[in-house]
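The values are calculated or read from the model by the stated rules, or taken from the named source; none is laboratory data. What you see is a predicted model, and the numbers here were worked out from it, not measured in a lab. Reconstructed Cβ throughout: ideal geometry from the backbone, glycine too, with neighbour counts over all protein chains shown. We work out accessible area using only protein heavy atoms, side chains counted, and drop any ligands, DNA or RNA first. Shrake-Rupley method; radii C 1.70, N 1.55, O 1.52, S 1.80 Å.
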Amino acid sequence: MFGNQAATKHSRRSLIAGSAALAGAAAITFGIGLQPATASGDTGSAGHAAATRTAALAEPGLGSSNLIQSEDFFQQGLSAVGATVELAGTQGLSACSGEETMRVLTKGKAAGYADVAWTFDTAGSLLNESVADLSSDKSAASYEKQLNDLVRSCQHEPAGHWHYGPGQTLTLTGGEAHWYPSVNGDGVVSGGVAVIRSGQRIGIVELVGAPSNDPGYMKGIAAIAINRLAS
């Protein structure tokens, strides 16, 4: 499934948000204070109207409202500056996935896709999230396993190399997550990644840089992502 992973992994680690910025015509960029539109969102402005038309492509039901929103970051000590949203599933999944995308992973068979790349006022901090709505809980569980296998392939790296730390499981009413802290070459924890699932919806969210080096910081991000995906 991930045959080109080794060749592209290194460049992805330094350019985690690159794919989102090149998402194409379906991409919508929001400035500070603006929220990604939902399929049933406010159309009171030209920007919101265009976003709503694009979000309709994510039927049935999945849209940018199921992604982490700007207000979610306040409790995590982050201040969002802007976001690039697209609904084609063409954003790179994580720093460990090379150029793998959710659309490629699911062979384009999902009922809907939604991606976002967030930037913050903290230098070096970025967040990527990609979600998909599959045909069944069984199908979602299969892709959830593939995503976790992908992430775990970057847990075992030579000394002095960037890697993901030990995985932890989080179970909430709305779904579940497996989250992993990210450890840089100096052994310092900074951000992390989480694979999330709610019923037949799956996703992956990765934070680069964080206001805390607590390995459990990513747990809060994972909880927020689960609740949004389930909404």
Check your understanding: Within the bounds of the range 137-151, is there any residue that is open to solvent by 50 Å² or more (accessible area, probe 1.4 Å) and in contact with a helix residue (DSSP H, G or I) (Cβ under 7 Å, 6 or more places away or on another chain)?
Key -> no
Review point. Is it the case that residue 230 is within 20 Å of residue 64 (Cα to Cα), open to solvent by 30 Å² or more (accessible area, probe 1.4 Å), more than 14 Å from the chain's Cα centre (by Cα) and at pLDDT 95 or above?
Key: yes
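Taking the condition out of contact with any Ser or Thr (no Cβ under 7 Å at 6 or more places or on another chain), buried (at least 21 other Cβ atoms within 10 Å of the Cβ) and within 18 Å of residue 63 (Cβ to Cβ), does residue 110 pass? Reasoning before the result, please.
Numbers: out of contact with any Ser or Thr (no Cβ under 7 Å at 6 or more places or on another chain): yes; buried (at least 21 other Cβ atoms within 10 Å of the Cβ): yes; within 18 Å of residue 63 (Cβ to Cβ): yes.
Here the answer is yes, as residue 110 does meet what is asked.
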Review point. Going by the conditions given, is residue 130 among the polar types (S, T, N, Q) and open to solvent by less than 10 Å² (accessible area, probe 1.4 Å)?
Key: yes
Review point. Does the range 120-135 contain at least one residue that is among the acidic types (Asp, Glu) and either touching a Ser or Thr at 6+ places or on another chain (Cβ under 7 Å) or closer than 18 Å to residue 99 by Cα (or both)?
Key: yes
Review point. When the range 167-199 is examined, which residues are found to be in contact (Cβ under 8 Å) with a residue 40 or more places away in the chain, polar (S, T, N, Q) and either open to solvent by less than 50 Å² (accessible area, probe 1.4 Å) or closer than 19 Å to residue 123 by Cα (or both)?
Key: 182
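Is it the case that some residue within the range 156-163 is under 18 Å from the mean Cα position of the chain (by Cα) and either surrounded by 15 or more Cβ atoms within 10 Å (Cβ to Cβ) or part of a loop (DSSP other than H, G, I, E, B) (or both)?
yes
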